[in-house]
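Here's the structure, in structure tokens; my notes come after.
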Amino acid sequence: MAYMDVAATSPNGRTVVLLHGRNFPSSYWAPVIKVLSNNGYRVVVPDQIGFGKSSKPTFDLHFDTLARNTIALLDHLQIPRADIVAHSLGGMLAVRISRAYPDRVDHLILTNPIGLEDYRLYVPPTPTEKILAHEDKLTAEAYRKQLVNNYSLKLPPEQITPFIDARFGIKQSPEYPRWLRAFVNSAQMIYREPVAHEIPLITEPTLFIMGEDDHNAPGKPNAPEALRPKMGHNADLARALAAKMPHGRAEIIPHAGHLAFLEEPEKFNKLMLDFLASK
């Protein structure tokens with residue numbers, strides 16, 4: 001399991017763990033790492049297995065396994081407790097970590113998480129081999145359109161290109177077949193292991209930071225047409241879930257899509273730092 005461990009400029013004794021999304025390399029956290037480090041936080045940024053520089057298993061992935069791996073990393077680094085900032089798929093993983101290891105989590109920030117609804121209620125099961133074939137045929141241009149449209153991104157093209165390079169650069173690697181299998185297995189994990197029902201049970205202070213225009217819903221194109229309009233109301237879902245939590249709160253950033261921390265960094269950073277500093 002690969003990871004970055006970034007020291008604080010003037011340590012405050014606290015650690016933040018950043019959990020990446022499915023379609024994004026962990027390097028996209030670079031601006032957030034800098035802000036946190038400059039404000040006294042040690043920052044740990046793992047690549048979950050199947051992603052980035054970590055190993056690419058071909059077996060089914062499970063949130064329990066990824067959560068256990070993340071806690072094992074904290075044990076290895078001798079970090080008893082940490083704050084977690086998680087994006088997209090990482091948000092689902094963060095929910096599982098908070099539920100399974102509540103004594104290891106101080107604050108939880110979920111920025112544009114997926115999994116705020118149970119996608120099985122809308123999307124029929126899709127065979128793994130069918131998803132593999134689709135992902136293998138995807139072109140770079142089609143992927144760019146997918147990122148912009150599905151995620152409602154308000155980013156200039158040059159900020160989107162690194163995501164495309166990360167997605168397609170691995171095609172030249174002998175590791176590509178294993179990466180592709182792990183990538184598709186992670187999609188099946190999202191569908192197979194919903195966490196929405198667990199979110200109201202989280203006891204740690206939790207902040208949702210949502211882009212107002214983020215209507216991403218995995219599998220939405222495969223849902224019956226009549227059900228698609230019901231999916232992906234993520235800001236509303238975050239508000240509703242936060243209201244059910246003992247210490248939950250939702251903040252919505254206008255004019256932002258699925259990458260609010262890159263699209264509106266000043267607003268995001270203030271919300272993040274203020275929340276981490278709260279009791």
Residue match in the stretch 188-208 (condition: in contact (Cβ under 8 Å) with a residue 60 or more places away in the chain, of a type in the set (D, E, K, R), crowded, with 18+ Cβ neighbours inside 10 Å and in contact with a Gly (Cβ under 7 Å, 6 or more places away or on another chain)): no
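For every residue, the table says whether it meets (1) without any contact (Cβ under 8 Å) to a residue 24 or more places away in the chain; (2) closer than 20 Å to Ala187 by Cα.
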site	(1), (2)
Ala7	no, no
Pro11	no, no
Val16	no, no
Pro25	no, yes
Ala30	yes, no
Ser37	no, no
Val43	no, no
Ser54	no, yes
Asp60	no, yes
Hits in the stretch 100-153 (condition: closer than 22 Å to His20 by Cβ, assigned to a helix (DSSP H, G or I) and in contact with a Phe, Trp or Tyr (Cβ under 8 Å, 6 or more places away or on another chain)): Tyr119, Glu135, Ala140, Tyr143, Leu147
The stretch 174-187: number of residues that are in contact (Cβ under 8 Å) with a residue 40 or more places away in the chain and out of contact with any Ser or Thr (no Cβ under 9 Å at 6 or more places or on another chain): 4
Count of residues meeting criterion [out of contact with any helix residue (DSSP H, G or I) (no Cβ under 9 Å at 6 or more places or on another chain) and among the β-branched types (Val, Ile, Thr)] in the stretch 25-73: 2
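Yes or no, residue by residue, for (1) farther than 30 Å from Pro102 by Cβ; (2) part of a helix (DSSP H, G or I); (3) among the basic types (Lys, Arg):
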site	(1), (2), (3)
Leu155	yes, no, no
Lys171	yes, yes, yes
Trp179	yes, yes, no
Val184	yes, yes, no
Tyr191	no, yes, no
Pro194	no, no, no
His197	no, yes, no
Pro200	no, yes, no
Answer from Leu74, Leu147 - the residue that is modelled with pLDDT under 95, surrounded by 19 or more Cβ atoms within 10 Å (Cβ to Cβ) and over 17 Å from Gln188 (Cα atoms): Leu147
Residues satisfying the stated conditions in the stretch 77-121, i.e. in contact with a His (Cβ under 8 Å, 6 or more places away or on another chain), surrounded by fewer than 24 Cβ atoms within 10 Å (Cβ to Cβ) and more than 30 Å from Pro224 (Cα to Cα): Asp83
Verdict on Ile79 being hydrophobic (A, V, I, L, M, F, W, C), over 25 Å from Ile164 (Cα atoms) and either out of contact with any Ser or Thr (no Cβ under 7 Å at 6 or more places or on another chain) or in a helix (DSSP H, G or I) (or both): no
All positions within the stretch 109-143 that are within 30 Å of Thr203 (Cβ to Cβ), aromatic (Phe, Trp, Tyr) and more than 18 Å from the chain's Cα centre (by Cα): Tyr122
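The values are calculated or read from the model by the stated rules, or taken from the named source; none is laboratory data. Keep in mind it's a predicted model, so treat the numbers as computed, not measured. Virtual Cβ from ideal backbone geometry, glycine too; neighbours counted across all protein chains shown.
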